[in-house]
Amino acid sequence: MKELKIQPIRNGTVIDHITPGCALKVLRILRITEGTGDSIISAVMNVDSKKRKKDIVKIENRELKASEVDKIALIAPNATINIIRDYEVKEKHRVVVPDEIVGIVKCANPNCVSNSREPIKSRFVVKSREPLRIKCFYCERELEDISAGIV
Amino acid sequence: MNFKGRDIVSIKDLTEDEILHILDVADGMIPIARGEEKSDLLKGKIMASLFFEPSTRTRLSFEAAMKRLGGNVIGFAQPGATSMQKGESLADTIRTAESYCDVIVMRHPQEGSARMAAEFASVPIINGGDGAGHHPTQCLLDLFTIREEKGSIGENKVALVGDLKYGRTVHSLAYALALFKAEMVFIAPEQLQMPPEVVEECKAMGAPISFETDLEEATGDVDVIYVTRIQKERFPDPEEYNKVVGIYEINSRILGKGKKDVIVMHPLPRVYEIAPEVDGTKYAAYFRQAFNGVPVRMALLSLVLGGIE
């Protein structure tokens, strides 16, 4: 019998096909560990998949909205969101990079106004989706290493 | 075309037609800028001039522009005399200043500061330089000068010389010249050559571009030589700096080998880039360029304040 690393969930959200090694960053971006009540969260990393390795995150008893999850497209552009009800996949879609990314990544330019003590959140506009290129709304500098810039 | 209430943060916020309209309005401002005619166009209006960084030309020409049009000026030339010293944020300073004026002109050392100010202020923000970011009014006065001196913008071959990597004015100018499809040659030592993203953007707009390291060879067939200051702190080795500064000096000998009607421009202040012997020649357009800051800024103030459509 095939051994399961994580048990299937009855109700909730499964984020599948996360870039290997990024599961914990995904949790951080979604701020999923803050105020989730009694929902069980599991993350597995480097699971074998058909083509390549992947990470998976499962959140029980909570259905995440697309707008909440699309933010993770920054670091896991191939991720899929599965909404599970009574052990069955009821909805499935791929993450989409939003047009604007607010408060998730920090500008790499130390002299950018968004890195100073001003009452604003970091804000990036998407220059291109494939490959993903984003630039700071304020200083207009392109962020080279998006993953490293995650707040 | 409606400029009333608009922010002028980057040259990229303006279309080609909008730029030409600003230059046309500026053209009509010249007699007032020279003091030959009087104007009350902006009587009763107040411009706040918030300079968090030193400036000679930008601040003085903005203030002169406002006063020539009958308006008033409040503000400061250094942050030491303000509540910023007590730790007040820029956002709060802007929200305070806007309640005292009709337009804010600002210079601030941080990139993106003018963009942020525009988000907080309901009065128009005109960016007078944000760190290594944008300086749109310098760009507009450069375009104005080229058009005044040469009759057009796009039909010239323009050499951009000096520190093309860090100089904020040349990035905006290259973009604007590309908008008008002007041919450009970038002349700089390799370590100070134009950043690839600027080149990529200009090429995508269809502007013919070439690169050179040899000043004398590359300026032979150009119509405009736009020179920028090479800063000593960009070179870890002072010897290397001295060598480069010597090679990239514009002098009468180099100009004598070029086109008869070539002009030399410089955003100023200059240090060693242009030999003083050039100052009195027909080639020297840089002091006329500095004057042009007044009519161009008069045009911008009139447009964003609704004095002119």
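A few notes on this one:
- Residues A:SER128, B:SER39, B:SER113 arranged by fewest to most Cβ contacts within 10 Å: A:SER128, B:SER39, B:SER113
- The range B:36-68-the range A:67-100 distance, computed between alpha-carbon centres (Å): 53 Å
- Taking the Cα centre of the range A:12-94 as origin and assigning +1 to Lys and Arg Cβ atoms and -1 to Asp and Glu Cβ atoms, the resulting dipole is close to 440 debye.
- Rounded to the nearest 20 debye, dipole of the range A:100-149 from Cβ charges on Lys, Arg, Asp, Glu: 120 debye
- Most mobile of B:ASN292, B:ASN242, B:ASN127 in a GNM of chain B (Cα contacts under 10 Å): B:ASN242
- Looking at the protein assembly as shown, the DSSP beta bridges with both ends there are about 45 percent antiparallel.
- About the centre of its Cα atoms, the protein assembly as shown shows a dipole size close to 1280 debye [charges on the beta carbon of Lys, Arg (+1) and Asp, Glu (-1) only; nearest 20 debye].
- Ranked list, fewest to most other Cβ atoms within 10 Å of each Cβ, for B:LEU23, A:LEU132: A:LEU132, B:LEU23
- In the range B:58-214, inverting the average of 1/r over every pair of distinct C-alpha atoms gives 17.5 Å as the Kirkwood radius.
- Directionally averaged shadow of the range B:137-289, computed from the convex hull of its alpha-carbon atoms, nm²: 8.1 nm²
- Its residues counted as N, chain A yields a C-alpha radius of gyration over 2.2 N^0.38 Å of 1.12.
- Taking every alpha-carbon pair under 8 Å whose residues sit at least 6 apart, the range A:12-94 reaches a relative contact order of 42 percent.
- Peptide B:275-288 has a mean of 0 when you count, residue by residue, the C-beta atoms of other protein chains within 10 Å of its C-beta.
- Counting only DSSP H runs of at least 4 residues, each contributing -39500 (n - 2.57), and dividing by the residue count of chain A, the helix-based mean residue ellipticity at 222 nm comes to -2000 deg cm²/dmol.
- Added length on full extension, which subtracts the Cα-Cα distance from 0.36 nm per residue, B:GLU190 to B:GLU212: 7.0 nm
- Chain B: most fluctuating residue of B:ARG253, B:ARG68, B:ARG115 per GNM, C-alpha cutoff 10 Å: B:ARG253
- Straight Cα distances below 21 angstrom link A:LYS50 to the lysines A:LYS2, A:LYS5, A:LYS58, A:LYS92, with same-chain residues fewer than 8 positions distant left out.
- Across chain B, the relative contact order, built from alpha-carbon pairs under 8 Å that are at least six residues apart, equals 22 percent.
- Among A:ASN78, A:ILE32, A:GLY12 - extreme Cα towards positive end, dipole of the range A:12-94, charges at beta-carbon: A:ASN78
- For the range A:100-149, averaging the sequence separation of C-alpha pairs within contact (under 8 Å, six or more residues apart) and dividing by the residue count gives a relative contact order of 35 percent.
- Dividing the summed helix terms, -39500 (n - 2.57) for each DSSP H run of n ≥ 4, by the number of residues in chain B produces a 222 nm estimate of -11500 deg cm²/dmol to the nearest 500.
- Other protein chain Cβ atoms within 10 Å, averaged over every residue that makes up A:138-146: 4
- Burial ordering of A:HIS17, B:HIS21, B:HIS266, fewest other beta-carbon atoms within 10 Å first: B:HIS21, A:HIS17, B:HIS266
- Taking every residue in B:109-121 and counting other chain Cβ atoms within 10 Å of its Cβ, the average works out to 6.
- Each of B:SER152, B:GLY258, B:THR219 was scored by the projection of its Cα onto the charge dipole of the range B:137-289, and the greatest displacement toward the positive side belongs to B:SER152; charges sit on the C-beta of Lys, Arg, Asp and Glu.
- Relative frequency of Cα-Cα separations exceeding 38 Å in the protein assembly as shown, percent: 38 percent
- Peptide packing for B:6-18, B:181-193 was compared via the average number of neighbouring C-beta atoms within 10 Å per residue; ordered from the highest value, the list is B:181-193, B:6-18.
- Cross-link table B:LYS12/B:LYS232; B:LYS12/B:LYS43; B:LYS45/B:LYS282; A:LYS51/A:LYS135; A:LYS135/B:LYS181; B:LYS150/B:LYS232, entries beyond 28 Å C-alpha to C-alpha: B:LYS12/B:LYS232; B:LYS12/B:LYS43; B:LYS45/B:LYS282; A:LYS51/A:LYS135; B:LYS150/B:LYS232
Coordinate-derived values only; no laboratory data. All figures in this text were calculated on a predicted structure; none of them were measured in a lab. Here the Cβ is made from the backbone with ideal geometry for all residues, glycine too, and neighbour counts use every protein chain on show.
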